[in-house]
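Student: What follows is a structure written as structure tokens; I'll ask about it next.
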Amino acid sequence: MSSRVTAVHPAWAIEGGRITIEGSGFPLDRPRVPDVYIGGLAARVVQASPTALGVIVPSGLDGGSIPIRIDGLSGDTPFVGIGATLATGLHQVDNPAFDLDGNLYVTYSGTRGQQVPVSIFKVRPNGTRETFSSGIVNATSMTFDPAGRLYVSSRFEGTVYRVNADGTFEPFARELGVACGLAFADDGSLFVGDRSGTLFRVDQSGNAEPFATLPGSVAAFHLAIGPDRAVYVTAPTLSTYDPVYKVAPDGTVTTLDARFGRPQGIAFDPDGTLFVIEALAASSGLYRLPAGGAPELVLSGQNLVGLAFDSLGGLIVCSNETAFRLKQPPYRM
């Protein structure tokens, strides 16, 4: 039987991610498994059968559609999409955020109570990174209001700050517990996730009131507003798997059918499809949740925590330390 590749899953990855090359007749009748190369770099093979090879994506690859070569196989060349490194030297603990001009904002959050030189970096569309704001202790979650103003939470202080265009900031709302996820509704209300178990709604004057109660989280609350105006929340606990929570405009809490191991970053693409980061050790990845369908793994990576879509549908995924840009987002493939 001839050897051939039929598919690569998932179709996208970043360095350290695990992909599976599917096919038939892979040569395993040798003293060692076949060598696999991605873009000319050796990829570590971690699982092998005649119909599937599991490999780890090496570091040092350029972004884009990268060829895969398996030693001893001929025929059509398979490809995998690789996210390009955009910025590194970060400490990201939630989603990054895009402004209206396509600039990306990322954080160096630091350990609890740590004073770091830079709290927020701005990364321009050409990849240039610059200091944007300093002095916010444990900058955690970011979002923009309908007028394009940046807001950031401090999980250490339980405060949400409004950040001016020059990087200076002022308190907007206080006493919000372990303030994590942020998301603005169309009416200007700000939702804030206190990982102790409360979802707050904050009015335009900075007055906060409890809106819903959820199980407490060991990491953070991550928020996204859906096309249905509901607040979608991920909140990893010590359980093996956790649901995605849906909080309706009247405060009613339900859960989606899908469950994830340590779900974290959450966002909707421009078409209204929900994406969730799963940060389960050794299998971190980005999942697409089509309406009425099963979750689909679309990108594999290590230590993923957040994601963001720009106004044109471009996608950024972040590990704790690095932001990666996808030139051809998975949902458009």
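The values are calculated or read from the model by the stated rules, or taken from the named source; none is laboratory data. Note that the coordinates shown come from a computational prediction; the quantities given were computed from them, not determined experimentally. Positions of Cβ are generated from backbone atoms using ideal geometry, with glycine treated the same way; all protein chains shown enter the neighbour counts. Heavy atoms of the whole protein, side chains included, go into the accessibility calculation; ligands, DNA and RNA do not. Shrake-Rupley method; radii C 1.70, N 1.55, O 1.52, S 1.80 Å.
Student: Restricting the search to the stretch 72-107, which residues are within 23 Å of Thr234 (Cβ to Cβ), open to solvent by less than 20 Å² (accessible area, probe 1.4 Å) and in a strand (DSSP E or B)?
Tutor: Matches in the stretch 72-107: Ala97, Leu104, Tyr105, Val106, Thr107.
Student: Which members of the stretch 23-38 meet the condition of being open to solvent by 40 Å² or more (accessible area, probe 1.4 Å) and modelled with pLDDT of 95 or more?
Tutor: Tyr37 - this is the single residue of the stretch 23-38 that is open to solvent by 40 Å² or more (accessible area, probe 1.4 Å) and modelled with pLDDT of 95 or more.
Student: Looking only at residues in the stretch 59-71 that are assigned to a loop (DSSP other than H, G, I, E, B) and free of Cβ contacts under 8 Å to residues at least 60 places away in the same chain, which one is least open to solvent (accessible area, probe 1.4 Å)?
Tutor: In this case the residue turns out to be Leu61.
Student: Shifting gears a bit: Would you mention how many residues in the stretch 119-163 are without any contact (Cβ under 8 Å) to a residue 12 or more places away in the chain, touching a strand residue (DSSP E or B) at 6+ places or on another chain (Cβ under 8 Å) and either surrounded by 13 or more Cβ atoms within 10 Å (Cβ to Cβ) or under 22 Å from Asp187 (Cα atoms) (or both)?
Tutor: Of the residues in that region, 0 qualify.
Student: Give the residue, chosen from Glu170, Glu209, that is of a type in the set (Asp, Glu), more than 30 Å from Phe132 (Cα to Cα), at pLDDT 95 or above and surrounded by fewer than 22 Cβ atoms within 10 Å (Cβ to Cβ).
Tutor: The conditions single out Glu209.
Student: Another question about this same structure. With respect to the numbered conditions (1) open to solvent by 40 Å² or more (accessible area, probe 1.4 Å); (2) of a type in the set (Val, Ile, Thr); (3) touching a Ser or Thr at 6+ places or on another chain (Cβ under 7 Å), which one is the sole condition not fulfilled by Val46?
Tutor: (3)
Student: Working carefully through the options Ser196, Ser205, Ser189, find the one that is closer than 29 Å to Leu238 by Cβ and among the polar types (S, T, N, Q).
Tutor: Ser196 is the lone residue from the list that is closer than 29 Å to Leu238 by Cβ and among the polar types (S, T, N, Q).
Student: Condition (residue is more than 18 Å from the chain's Cα centre (by Cα) and either open to solvent by 20 Å² or more (accessible area, probe 1.4 Å) or under 30 Å from Val55 (Cβ atoms) (or both)) applied to the stretch 256-279: is it met by at least one residue?
Tutor: yes
Student: If you don't mind, there's one more thing I want to ask. Only residues in the stretch 179-203 that are without any contact (Cβ under 8 Å) to a residue 12 or more places away in the chain and among the aliphatic types (A, V, I, L, M) count as the first member; pair them with residues that are open to solvent by 10 Å² or more (accessible area, probe 1.4 Å) and assigned to a strand (DSSP E or B), Cβ under 8 angstrom, at least 6 apart or cross-chain, and list the lot.
Tutor: From residues that are without any contact (Cβ under 8 Å) to a residue 12 or more places away in the chain and among the aliphatic types (A, V, I, L, M), there are no pairs.
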